[in-house]
Amino acid sequence: MVCGLKGMMWVGNLEKAARKAAVWLVNKRPIRDIRDWGISFSLWPVHFTTACCGAEFAATSAPKYDAERFGFLPFVASRQCNLLLIEGTLTKKMAKAALWVYEQMPEPKFVIAMGACAIDGGIFWNSYNIVRPMDILPVSVFIPGCPPRPEAVAQAIIMLQKKIRKGELVKYEEMEVVK
Amino acid sequence: MDLEEVVQRVKDALSDLEVEVQEKGPNVVEVKVNRENVIEAARKLKGLGFDHVKSVTAIDYPNERFEVVYHASSYSNLELARFFLVLRVDLPYDDPKTPSLLEVWPSVLYLEHEQYDLMGIDFEGHPRKERLLLPDDYEGIPPLRKEFKIKTEGINA
Amino acid sequence: MSEFVETISRSEDGRFLELLIGPQHPASGHMRLVAEVDGDVVVSLRPNLGYVHRSVEKIAEVKKFLQIIPLVERPSLADTTANNLAYVLALERLLGVEPPPRAQYLRTLLAEINRIHSHFYGIGIHGVMIGSSTAFMWAFGDREPLIHLAQELTGARITYSYIIPGGVRRDMPPDFPDKVEKVLRYIERRLEDYDKLYVRNPVVRARLEGVGVLKKEDAIRLGITGPNLRASGVPYDVRKADPYCAYPDIDFNVITREEGDAMARFLVRVGEIRESMKIIRQVLKKMPDGPIFAEKYYKMLPPNLKKYYEETKEVKFPGIFANLRAPAGESVARVEGGRGEVVIYIVSKGGMNPYRFRIVTPSFRNAVLFEHLVRNVRVADIPAIYGSLDYFPPEADR
């Protein structure tokens, strides 16, 4: 059937098509670069301290090391954060809480594992009560050290930012848009 | 107040109980008591001025016995505060039960609870019989017992 | 006793609401508080510990005596010297070693520097909890000069492992006293600012005064320790009651307050910072010359390490020390750390590892205060009380 522009019928789900177009657009350069650049400077770690490295994490946010200049400011509610820092040992009891917190965070989200304990148990490697974070969470950056110095945490933040800007971490395709 | 005087006072206070009092080190008085008398002994020691417990330790000697060690001292009497009073209770290995000292020293609340959790010592009369430090769903041998093995490193691994 | 049995009282008509706070919460984290609330009033509260239980006591049983030094430091990361010192004192009692006087003074020096920055840590976290970011920024900023000092002395930021059986690991650098004096003057100046902007701040006073009052007899009965005990009027300080290291030669006061509320606990910490500065000045003035390492172990060093020690005044242990054997027996030591008394009890059977290792940290003994103090208070008072206790969960759970 031939019909002119006048009589054309739109078929299909308009909303779905619009969403598809939006995803296509944000994944298209240069929008993608701008998007990743923006994300890399608004990292909000959730205020979730898993073990003693929290002391050095706090020092990182404090005046001398001032992580806020990287756009990195700890925030209270997990629903408004996009970065989970595993600060040191993850015990079995804490691992459940860490998973809950991670699941509550909106996409795109990143994980940094801080301290030797978060890599392979560190000094507590033979403890009966620990979990290795990489077994349960997708860790992007590891920070060695027991505890890592605030400079090392700052470097990890910069590394994560670089990774984000390279477009390695943020993937919008699989994301389900919430109405 | 010197150590001998404290030892003498402890001996006098516990004279009608079956106990073994001796001095250990420069400021440690050790009292060995069996579990039937432990509450009575603790009450008398509290009367002397040992008003709080600093530490409760259960020690496991496999297939032999358990030992529960209370380290008490004083806050209200600063002369006595220099000394540690060590109260030791021996328990048979197959029946690790001892009366809880909570009614004498409320400061043992968390300390005894921890030993129940990690060593499996049953403190009779202690109101809390749930997990404290271990995950709530933990089952199996209490981890501080010697039969609970963890990995070791080095040549003796 | 009965007061503990029914801490969580279930109401029949479902009037009370169970409120779970944590383990992810704006305060320091690591623990869950299970509160039962009636409207805005907390009827009862139980801390749920164990979120950072890493089994230090079990691991210590398979570690060599020297390997335990870094292990005991990990639980209380902001106050490592206290644990380090308590463990080494207990071990030295077992081994029968006496460190030389200069080492005693160096230990005291580090312990006091650590006490000041641990108190600043506590003040900062308290600030976060009552919503005063200024207090956090100031306290954590002012902590850094002290950490820097400790770093000059020991080489590490917070995990020093400085105190070893028989002495200390390195001598103090020659220009160290001048640097210390500079920092102490700075801190003195800053403490006056704290007084103006934080201590005499009406908002802070309204949040803290009369909140979470701990009576003297309750503090004694529950075995509370540290500044929390002294804020309730008990003048107990291990440095006075059972002096160790260089404390017998040093003149200082035990800070106490009678009120027992959150403000008193905060003010005791500020007072102790002042006393610690006094101690540091005396220690530097009285610092004797001499070796920093016990003669008994110095003899055991091989010639190249002896030469290294003479040249750099740094002790390096040869491998033989890894097999340090303690004689059979037991020993107990206590030390006044920033948060309170650390008790370490070692049972040895004469091997290379302790047979039973027990560490009781101040936070664990203070944990009972949550259920004791947070009762019939408003929900908004929970952080004010929690912060005032200077409670560090990894230290409590070990």
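The values are calculated or read from the model by the stated rules, or taken from the named source; none is laboratory data. Given the structure is predicted, the values throughout are model-derived calculations rather than measurements. Every residue, glycine among them, receives a Cβ derived from its backbone with ideal geometry; neighbour counts consider all protein chains shown.
Annotations
- Single residue of segment C:345-379 satisfying the filter (within 10 Å of chain B (Cβ to nearest Cβ) and part of a helix (DSSP H, G or I)) that is nearest to C:Val37 (Cα to Cα): C:Glu371
- Qualifying positions in segment C:225-235 - under 18 Å from the mean Cα position of the chain (by Cα) and not in a helix (DSSP H, G or I): C:Thr225, C:Gly226, C:Ala231, C:Pro235
- Any hit, segment C:75-85, residues being within 21 Å of C:Ile59 (Cβ to Cβ), in a loop (DSSP other than H, G, I, E, B) and of a type outside the set (A, V, I, L, M, F, W, C): yes
- Of all the numbered requirements in (1) closer than 23 Å to B:Val28 by Cβ; (2) more than 12 Å from the chain's Cα centre (by Cα); (3) outside any helix (DSSP H, G or I), B:Ala81 misses one, and that requirement is (3).
- Of the criteria (1) within 25 Å of C:Val254 (Cα to Cα); (2) outside any strand (DSSP E or B), which one C:Ile382 fails: (1)
- So C:Leu184, is it more than 13 Å from chain A (Cβ to nearest Cβ), surrounded by 23 or more Cβ atoms within 10 Å (Cβ to Cβ) and either in contact (Cβ under 8 Å) with a residue 60 or more places away in the chain or out of contact with any helix residue (DSSP H, G or I) (no Cβ under 7 Å at 6 or more places or on another chain) (or both): no
- From C:Glu272, C:Glu188, C:Glu217, residue being at pLDDT 90 or above, charged (D, E, K, R) and under 22 Å from C:Ile385 (Cα atoms): C:Glu272
- Members of segment B:17-48 that are more than 21 Å from B:Thr98 (Cβ to Cβ) and part of a loop (DSSP other than H, G, I, E, B): B:Gly25, B:Pro26, B:Asn27
- Residue-level check: of (1) assigned to a loop (DSSP other than H, G, I, E, B); (2) under 30 Å from C:Pro23 (Cα atoms); (3) out of contact with any Asp or Glu (no Cβ under 7 Å at 6 or more places or on another chain), B:His113 misses just (1).
- Screening A:Thr60 against (1) hydroxyl-bearing (Ser, Thr, Tyr); (2) outside any helix (DSSP H, G or I); (3) more than 9 Å from chain C (Cβ to nearest Cβ) leaves a single unmet condition, (2).
- Only one entry of C:Tyr121, C:Tyr105 meets the criterion of being within 20 Å of the chain's Cα centre (by Cα) and either without any contact (Cβ under 8 Å) to a residue 24 or more places away in the chain or away from chain A (no Cβ under 11 Å) (or both), and that entry is C:Tyr105.
- Hits in segment C:293-312 (condition: surrounded by fewer than 16 Cβ atoms within 10 Å (Cβ to Cβ) and not aromatic (Phe, Trp, Tyr)): C:Glu295, C:Lys296, C:Lys299, C:Met300, C:Pro302, C:Pro303, C:Asn304, C:Lys306, C:Lys307, C:Glu310, C:Glu311, C:Thr312
- Looking across segment B:74-131, the residues that are more than 9 Å from chain C (Cβ to nearest Cβ) and in contact with a Pro (Cβ under 8 Å, 6 or more places away or on another chain) come down to B:Tyr93, B:Met119, B:Gly120, B:Ile121, B:Asp122, B:Phe123, B:Glu124.
- Qualifying positions in segment C:133-161 - more than 20 Å from C:Ala111 (Cβ to Cβ) and of a type in the set (Val, Ile, Thr): C:Thr134
- Some residue of segment C:134-141 being crowded, with 21+ Cβ neighbours inside 10 Å, within 29 Å of C:Glu311 (Cβ to Cβ) and of a type outside the set (A, V, I, L, M): no
- The criterion of at least 2 residues that are of a type in the set (Ser, Thr, Tyr) is met by none of the helices (runs of 4 or more DSSP H) falling completely within segment A:71-179.
- Of the criteria (1) within 7 Å of chain C (Cβ to nearest Cβ); (2) of a type outside the set (S, T, N, Q); (3) within 18 Å of the chain's Cα centre (by Cα), which one A:Lys93 fails: (3)
- Number of residues in segment A:35-52 that are within 12 Å of another protein chain (Cβ to nearest Cβ) and at pLDDT below 85 equals 6.
- Checking every residue in segment B:31-54 against the condition of being touching a Leu at 6+ places or on another chain (Cβ under 9 Å), under 22 Å from B:Arg145 (Cα atoms) and β-branched (Val, Ile, Thr) gives zero matches.
- Failed item, numbered, when C:Pro243 is tested on (1) crowded, with 18+ Cβ neighbours inside 10 Å; (2) within 12 Å of chain B (Cβ to nearest Cβ): (1)
- Any hit, segment C:27-38, residues being modelled with pLDDT under 85, surrounded by fewer than 18 Cβ atoms within 10 Å (Cβ to Cβ) and assigned to a loop (DSSP other than H, G, I, E, B): no
- All of (1) of a type in the set (A, V, I, L, M); (2) farther than 18 Å from C:Ala294 by Cα; (3) touching a strand residue (DSSP E or B) at 6+ places or on another chain (Cβ under 9 Å) hold for C:Ala90 with one exception: (2).
- Matching residues, segment B:40-73, being aliphatic (A, V, I, L, M) and either facing another protein chain (nearest Cβ under 7 Å) or free of Cβ contacts under 8 Å to residues at least 60 places away in the same chain (or both): B:Ala41, B:Leu45, B:Leu48, B:Val53, B:Val56, B:Ile59, B:Val68, B:Val69, B:Ala72
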